[in-house]
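Trainee: If you scroll down you'll find the structure; I have some questions about it.
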Amino acid sequence: MIKLVFALCLFINDELIEHRIQDTLSTCLKMKREATRNMNMDNKQLMCGEVEATLEKNIDGSISIGEIIKSK
């Protein structure tokens with residue numbers, strides 16, 4: 001399934017390493033602030049944004065991003 005979602009993305013040395021679905025932009029920004037405070041940010045960058053992505057259903061029924069197709 002392809003859908004527009006808010007994603008919190010982690011980049012290390014300008015390479016996308018991880019992405020997580022967030023319910024709203026404000027939730028994404030809150031998670032970004034908390035992670036920035038609690039993590040060594042050398043060579044790391046966190047970004048929030050709306051992305052078009054393929055979504056996958058996990059074994060526990062939750063939804064995760066399979067692949068980001070396009071960022072807005």
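Each reported figure results from applying straightforward, stated rules to the coordinates on display, with no laboratory input. Please read all numbers here as calculations on a predicted model, not as lab measurements. Neighbour counts are summed over all protein chains in view; Cβ atoms, including those assigned to glycine, are modelled from backbone coordinates with ideal geometry.
Trainee: Out of the residues in the stretch 27-65 that are more than 11 Å from the chain's Cα centre (by Cα) and of a type in the set (Gly, Ala, Ser), which is farthest from residue 17 (Cα to Cα)?
Mentor: The qualifying residue farthest from residue 17 (Cα to Cα) is 61.
Trainee: List pairs: first in the stretch 50-68 and touching a residue at least 12 places away in the same chain (Cβ under 8 Å) and among the small types (Gly, Ala, Ser), second outside any strand (DSSP E or B) and loosely packed, with under 12 Cβ neighbours inside 10 Å, Cβ under 7 Å, 6+ apart or cross-chain?
Mentor: Filtered contacts from the stretch 50-68: 64/58.
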